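Read through the structure below, which is laid out as structure tokens, and then see the notes.
Values quoted throughout were computed directly from the atomic coordinates according to the rules given, and no laboratory measurement underlies them. Predicted, not measured: the structure shown is a model, and the values here were computed from it. Neighbour counts run over all protein chains shown; Cβ positions are idealised from the backbone, glycine included.
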């Protein structure tokens with residue numbers, strides 16, 4: 001059994017998760033990356049997308065959060081994700097997202113379209 | 001000497017005022033607890049953000065090509081004062097203390113020949129300035145529909161400030177709010193938010209030196225600066241919410257006590273007057289009987 005990683009997910013309003021987990025996959029702005037215990041210290045911005053938390057070594061992703069406006073910090077001891085908005089993927093309302101996406105497309109709001117498309121992809125995966 | 005009837009009415013009216021202030025105190029106490037919890041819950045995020053900003057600041061040297069939010073415009077002619085107050089009055093000196101500090105700063109800056117603009121968050125601090133400095137007010141953010149401050153509200157304010165900054169409306173921004181120390185003690189505070197005052201980093205530890213940045217430091221910093229601003233505004237609004245309730249609680253507690261004193265005084269006067277009236281009546285009867 002490999003070492004576990006101290007994982008923390010905080011939003012401005014409250015701390016959403018604090019746990020010891022095996023691996024977290026983070027959608028960095030320059031590509032996805034997985035963080036395990038002992039990862040080299042780094043900081044990265046996050047593009048809108050879902051983080052996947054694997055609680056057991058080699059096991060399936062047990063928790064998934066959709067992150068917006070986030071920022072990941074890997075230190076020697078663990079991983080902290082600062083997210084402006086974080087929603088558990090299970091709570092995403094697929095129908096609402098689809099209708100919002102349609103109206104964003106109609107309005108030509110590209111930032112919103114990209115965000116909602118990422119949300120939709122996270123929810124349907 | 002007021003009549004017995006008018007005294008009685010006064011006592012009743014003071015009693016009902018006391019009931020109202022007592023209820024307001026209870027409500028403020030309950031809201032204060034909630035506001036404190038919200039401020040508590042926001043602490044991990046702002047703490048991490050401050051730590052990240054500090055470690056980034058030690059990596060980046062402020063130069064002319066640094067993000068303008070950090071380096072400033074190179075000028076300090078136009079100052080924007082962002083003044084956070086509450087939407088409701090009856091909170092003791094809460095709003096006037098903030099307004100007083102802001103006014104002092106305003107006069108100081110004007111004395112130095114700077115141009116000052118005012119942006120209000122919450123309407124209560126606006127009134128004293130609307131009378132004297134109406135032409136300086138550039139906007140008021142209405143918070144009256146907001147029950148408990150959410151991060152999105154703070155972000156909207158921060159975005160507005162950044163947009164004004166990008167448009168070149170001002171060079172330096174200060175944030176005014178009330179820091180919550182205790183229910184009895186709130187301190188009006190002034191904080192410079194643009195250009196960002198980065199925390200001084202004395203100890204750049206060796207472990208941090210090997211941190212990888214993705215994308216590079218400058219890009220992360222450019223991404224984080226507006227976020228940091230939103231966090232600071234959010235913290236200010238939370239502190240303000242707690243201070244407002246604390247201040248109101250103290251003010252209403254005082255008002256309740258004063259009403260109690262007043263009732264006692266009025267009751268004593270009422271009883272004396274009543275007694276005097278009875279005595280007078282007795283004397284009249286007795287002297288009437290003696291005359292016969």
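Values as computed for the structure displayed
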item	result
Relative contact order %, the range A:26-125, counting alpha carbon pairs below 8 Å whose residues are six or more apart	23
Modelled FRET efficiency - R0 41 Å, residue B:107 with residue B:219, Cβ distances, 0.05 increments	0.50
Relative contact order of the range B:76-199, pairs being alpha-carbon contacts under 8 Å that are 6 or more residues apart, as %	33
Overall form of the range A:5-89 per C-alpha gyration tensor (a/c, 1.5; a/b vs b/c)	rounded
Helix-only mean residue ellipticity at 222 nm for the protein assembly as shown, each DSSP H run of n ≥ 4 adding -39500 (n - 2.57), per residue, nearest 500	-17000 deg cm²/dmol
Normalised per residue, the volume of the convex hull around the Cα set of chain B (Å³)	172
Residue B:279-residue B:135 pseudo-label distance in nm [points 7 Å out on the Cα-to-Cβ vector]	6.7
For the range A:51-110, alpha-carbon Rg relative to the globular expectation (2.2 N^0.38 Å, N residues)	1.47
Rg/Rg_ref, the protein assembly as shown, where Rg_ref = 2.2 N^0.38 Å and atoms are Cα	1.36
Separation of alpha-carbon centers, the range A:66-99 and the range B:58-137, rounded to whole Å	34
Crossing angle, helix B:4-41 versus chain B [Cα axis fit, 0-90 degrees, rounded to tens]	20
Label point distance in nm, residue B:261-residue B:184, each placed 7 Å from Cα along Cα→Cβ	1.7
FRET efficiency, residue B:286 to residue B:254 (Cβ-Cβ, R0 51 Å, nearest 0.05)	0.60
Length gained when the stretch residue B:90-residue B:197 is fully extended (0.36 nm per residue, less Cα-Cα span)	35.1 nm
Contact order relative to length of the range B:35-250, as percent, for alpha carbon pairs under 8 angstrom and 6 or more apart	33
Chain A: angle of helix A:94-107 to the longest principal axis, Cα-based, in degrees nearest 10	60
Convex hull projection area averaged over all views, the range B:147-292, Cα basis, nm²	17.1
Nearest-ten-degree value, helix B:94-111 long axis tilted from longest Cα axis of chain B	50
Average partner coverage of B:221-231, which counts Cβ from other chains inside 10 Å	2
Mean Cβ count within 10 Å, highest first, over the residues of peptides B:245-252, B:274-281, B:36-43	B:245-252, B:36-43, B:274-281
Distance between the range B:140-196 and the range A:39-53 - C-alpha centres, whole angstrom	29
Protection-proxy order for peptides B:150-160, B:6-16, A:34-44, each taking the mean of Cβ atoms within 10 Å per residue, highest first	B:150-160, A:34-44, B:6-16
Label-to-label distance, nm, for residues given as residue A:32 and residue A:96 (7 Å Cα→Cβ offset)	2.6
Highest to lowest packing among B:235-241, B:117-123, A:14-20, scored as the average C-beta count within 10 Å	B:235-241, B:117-123, A:14-20
